[in-house]
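Here is the structure we will look at, set down as structure tokens.
The values are calculated or read from the model by the stated rules, or taken from the named source; none is laboratory data. Predicted, not measured: the structure shown is a model, and the values here were computed from it. Quick reminder, even Gly has a Cβ in these numbers, built from the backbone with ideal geometry, and neighbours come from all protein chains shown. Areas reflect the complete protein model, heavy atoms only, side chains present, ligands, DNA and RNA absent. Shrake-Rupley method; radii C 1.70, N 1.55, O 1.52, S 1.80 Å.
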Amino acid sequence: MRYKLTSNGLKNGSASLPTPATRVANGETPPNWIPCAEQPAYARRKLKIICIGAGYSGLTLAYKIDHELKLSDFVELKIYEKNPQVGGTWFENTYPGVACDIPAHAYTFLFEPNPNWSHFYAPGPEIEEYIQRTTRKWNLDKDIQFNTHVTETVWNDETGKWKVEVDQGGTIMHDEADILVNAAGFLNKTSWPDIEGLSSFKGKLLHTSIWDNDYDWSSKRVAVIGNGASGIQCVAAMQPKVAQLVNFVRNPTWVSVNFCAEKTQNGGNFRYTEEEKAHFAEDTEAHFKYRRDVNAFFYGMYRDHPMQLGLTQACRQQMEERMKGISDPEILSKMLSHEFRPGCRRLTPGDGYLEAFSNVNATLTFDPIERITEQGIQTTMGDEQQFDVIVCATGFDTSFIPSWKMIGRNGATLEERWKGNPEAFFAVQVDTMPNYFIFNGPNCPISHGSVLTQISWTCDYILRWAKKISSEDIKSIDVKREAMEDYNVYCQEFLKRTVWSDECRSWYKNGKSSGHVTGVYPGSVLHFKDCLENIGGEHFHIDYRSKNRFRFLGNGESARDQHGAGDLAWYMDDMKVSKPRL
């Protein structure tokens, strides 16, 4: 339809087409016309959220939806969990000595403090039992389907939904979600060492992430490959019970002082007395104060900060003290010849690790492994040592790539996007993956303080978006590529200020020695909180379910109006009645 040029009323007599609003006023229907929705403004439509994983993150999300924020009136939650029980990493990791190296009272759900921890640093089985107990108390498993592997997630741009395929005991089922949440974690894909002959070993081959608890390794000849967190814990736990133990390592590592050691007894782990547990249970305010002091840890990672300099000195002094019983001068020299600062590799307190090598049945060797033989391990020095057990404490695939097939907008895949260095938007979102959220994605605050606190903040961020999507008739949100790129440029520039960018092989750099830091957040944990609470919509492409973004304004009423029958001055409830002037 053609339109006549009409005067716009300006003195110069210029003419213009009528605006879409003018056309509507004249009874026409321009392309962005929609009828008014017969509902109040910001009325919430129902959404389905599919969450993958039922560890700490997935369970916190379930608690927020059902109990804290009470969103179950418009959110349908479904959690798919590959294991037969909740717990995530604490269900899966059962190797000897597995424990949390963060103080137990700071490693709890924020909504469920636990006054009954047995030790300052809790053992893994106790953490798993706590997670299961909390799940039962709050009925957090009511929306979980266990023993269910997600095999594929595909974004459908037309419907604005994720198509989800799962394998449940060999039966393939299909589901769909408005919002997809990845709570699977990134330290759960076992990484076997790339060593010639590994599969030819005739003894017992174990990996710390998939431990065989039916196997009796006591009194055996044991090789442990690796000196990361699991390797250090394994060596300390296994050495007193085996005939021989050799720890094969590539590089020295810092065995750090314990986190919050000032709260411990003589710097090491200790058992709480029944009186202390009772005190925590009875005096909740005192217990709350006791749980507070972990977030300063970030400053130990900030180059040349007094806390970082003090950490280096404390770690060196403790290592020297704990190695006094080691007679091999090569071990003493190499273990203290670090070319990087504490924290470049993940800091691991290791009570009992260095001390283990003071015993005649334990040896630490830097000799590179050439190959695995049928009977044991041969090094480049030509020596072959025979073992009954080889333990691969070689960690996980830290590429952050999901374990299932994932296809986003226009066929994009994270497998392709992240094959070099994974990048995300504040560790939570990725462009080309609409309505997709991640717990602890690339550059997350995993080594900054209270992990479970930042998980709670991430939940809040995800659910704020869920409320906006639901109440503003939004079909999808997708981070702008330029916002992603700008943010990640900032990340790498800031991280140059931290020890994480020192030259050392670390999962913080996706297994590389230098370059792009992918594992840790560029700032303090409070910095992360401030950012999540203030990120604006200007950084996102937002698509709506209709051709007019303001369709959600509805029938011109607020939900409180109730068509004139509501409390029309509710906002005055909190006003103070002013006293008349004298």
Checked pairs for the stretch 121-133, first under 14 Å from TYR56 (Cβ atoms), second open to solvent by 50 Å² or more (accessible area, probe 1.4 Å), C-beta under 6 Å and 6 or more apart or across chains, list as GLU128/PHE91
Residues of the stretch 255-298 being within 24 Å of the chain's Cα centre (by Cα) and among the charged types (D, E, K, R), in sequence order, are ARG291, ARG292, ASP293
Going through (1) under 25 Å from PHE259 (Cβ atoms); (2) over 34 Å from the mean Cα position of the chain (by Cα) one by one, SER327 fails only at (1)
Counting only strands (runs of 3 or more DSSP E) entirely within the stretch 379-465, those with at least 1 residues that are in contact with a Ser or Thr (Cβ under 7 Å, 6 or more places away or on another chain) and charged (D, E, K, R) are 384-386, 405-407
Those residues of the stretch 393-426 which are in contact with a helix residue (DSSP H, G or I) (Cβ under 7 Å, 6 or more places away or on another chain) and in contact (Cβ under 8 Å) with a residue 24 or more places away in the chain amount to ALA393, GLY395, PHE396, THR398, PRO402, MET406, GLU423, PHE425, PHE426
Expected output for the stretch 199-215 (first residue among the basic types (Lys, Arg), partner open to solvent by less than 30 Å² (accessible area, probe 1.4 Å) and not in a loop (DSSP other than H, G, I, E, B), Cβ below 7 Å, 6+ apart or cross-chain) is LYS204/VAL389
Scanning the stretch 20-50 residue by residue, those of a type in the set (Val, Ile, Thr), free of Cβ contacts under 8 Å to residues at least 12 places away in the same chain and outside any loop (DSSP other than H, G, I, E, B) turn out to be THR22, VAL24
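Return the only residue of GLY556, GLY523, GLY515, GLY511 being surrounded by 17 or more Cβ atoms within 10 Å (Cβ to Cβ) and part of a loop (DSSP other than H, G, I, E, B).
Working: GLY556 fails: surrounded by 17 or more Cβ atoms within 10 Å (Cβ to Cβ); GLY515 fails: surrounded by 17 or more Cβ atoms within 10 Å (Cβ to Cβ); GLY511 fails: surrounded by 17 or more Cβ atoms within 10 Å (Cβ to Cβ).
That would be GLY523, the only listed residue that is surrounded by 17 or more Cβ atoms within 10 Å (Cβ to Cβ) and part of a loop (DSSP other than H, G, I, E, B).
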Flagged in the stretch 54-67 as closer than 21 Å to VAL428 by Cα and assigned to a helix (DSSP H, G or I), in numbering order, are TYR56, SER57, GLY58, LEU59, THR60, LEU61, ALA62, TYR63, LYS64, ILE65
Inside the stretch 116-131, the number of residues satisfying the requirement of being surrounded by fewer than 18 Cβ atoms within 10 Å (Cβ to Cβ) and in a loop (DSSP other than H, G, I, E, B) is 2
Is it the case that LYS405 is over 18 Å from the mean Cα position of the chain (by Cα), open to solvent by 30 Å² or more (accessible area, probe 1.4 Å) and either modelled with pLDDT of 95 or more or closer than 21 Å to LEU206 by Cβ (or both)?
yes
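A quick yes/no check of all residues on (1) at pLDDT 95 or above; (2) more than 23 Å from PRO368 (Cα to Cα); (3) part of a loop (DSSP other than H, G, I, E, B):
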site: LYS202; (1), (2), (3): yes, no, yes
site: LEU205; (1), (2), (3): yes, no, no
site: ALA237; (1), (2), (3): yes, yes, no
site: PRO240; (1), (2), (3): yes, yes, no
Any hit, the stretch 216-229, residues being within 30 Å of SER337 (Cβ to Cβ), among the hydrophobic types (A, V, I, L, M, F, W, C) and at pLDDT below 95
yes
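Can you tell me which residue among ARG250, ARG271 is under 18 Å from THR108 (Cα atoms) and of a type in the set (D, E, K, R)?
Answer to the check: ARG271.
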Within the stretch 281-326, residues open to solvent by 90 Å² or more (accessible area, probe 1.4 Å) and not in a helix (DSSP H, G or I) come out as ARG292, ASP304, LYS324
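Can you confirm whether CYS260 is open to solvent by 20 Å² or more (accessible area, probe 1.4 Å) and touching a Phe, Trp or Tyr at 6+ places or on another chain (Cβ under 9 Å)?
yes
Residue-wise test of (1) crowded, with 22+ Cβ neighbours inside 10 Å; (2) closer than 30 Å to LEU47 by Cβ; (3) modelled with pLDDT of 95 or more.
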| position | (1), (2), (3) |
| --- | --- |
| SER447 | no, no, no |
| TRP465 | no, yes, yes |
| LYS480 | no, yes, yes |
| VAL489 | no, no, yes |
| ARG505 | no, no, no |
*asked:* Could you go through the stretch 82-89 and let me know if any residue there is in a loop (DSSP other than H, G, I, E, B), in contact with a helix residue (DSSP H, G or I) (Cβ under 6 Å, 6 or more places away or on another chain) and surrounded by 22 or more Cβ atoms within 10 Å (Cβ to Cβ).
replied: yes
If we ask which residues in the stretch 229-257 are surrounded by fewer than 22 Cβ atoms within 10 Å (Cβ to Cβ) and touching a Lys or Arg at 6+ places or on another chain (Cβ under 7 Å), their number turns out to be 5
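The rows are residues; the columns are (1) open to solvent by less than 90 Å² (accessible area, probe 1.4 Å); (2) without any contact (Cβ under 8 Å) to a residue 12 or more places away in the chain; (3) touching a Leu at 6+ places or on another chain (Cβ under 7 Å).
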{"residue": "ILE542", "(1), (2), (3)": "yes, no, no"}
{"residue": "SER546", "(1), (2), (3)": "yes, no, no"}
{"residue": "ARG549", "(1), (2), (3)": "no, no, no"}
{"residue": "ASP567", "(1), (2), (3)": "yes, yes, no"}
When the stretch 408-432 is checked residue by residue, the ones that are small (Gly, Ala, Ser) and either farther than 20 Å from LYS509 by Cα or open to solvent by 10 Å² or more (accessible area, probe 1.4 Å) (or both) are GLY408, GLY411, ALA412, GLY420
Filter result for ARG345 (surrounded by 19 or more Cβ atoms within 10 Å (Cβ to Cβ), in contact with a Cys (Cβ under 8 Å, 6 or more places away or on another chain) and of a type outside the set (Ser, Thr, Tyr)):
yes
- Task: State yes or no: is ASN435 touching a Gly at 6+ places or on another chain (Cβ under 8 Å), among the polar types (S, T, N, Q), touching a residue at least 12 places away in the same chain (Cβ under 8 Å) and open to solvent by less than 10 Å² (accessible area, probe 1.4 Å)?
- Result: yes
Those residues of the stretch 160-189 which are open to solvent by less than 30 Å² (accessible area, probe 1.4 Å), in a loop (DSSP other than H, G, I, E, B) and more than 27 Å from ARG44 (Cα to Cα) amount to PHE186
Expected output for the stretch 51-78 (first residue open to solvent by 30 Å² or more (accessible area, probe 1.4 Å), partner assigned to a loop (DSSP other than H, G, I, E, B), Cβ below 7 Å, 6+ apart or cross-chain) is ASP66/SER72; GLU68/PHE111; GLU76/LYS46; LYS78/ASP143
Within the stretch 267-280, residues being crowded, with 18+ Cβ neighbours inside 10 Å and either without any contact (Cβ under 8 Å) to a residue 40 or more places away in the chain or polar (S, T, N, Q) (or both) number 1
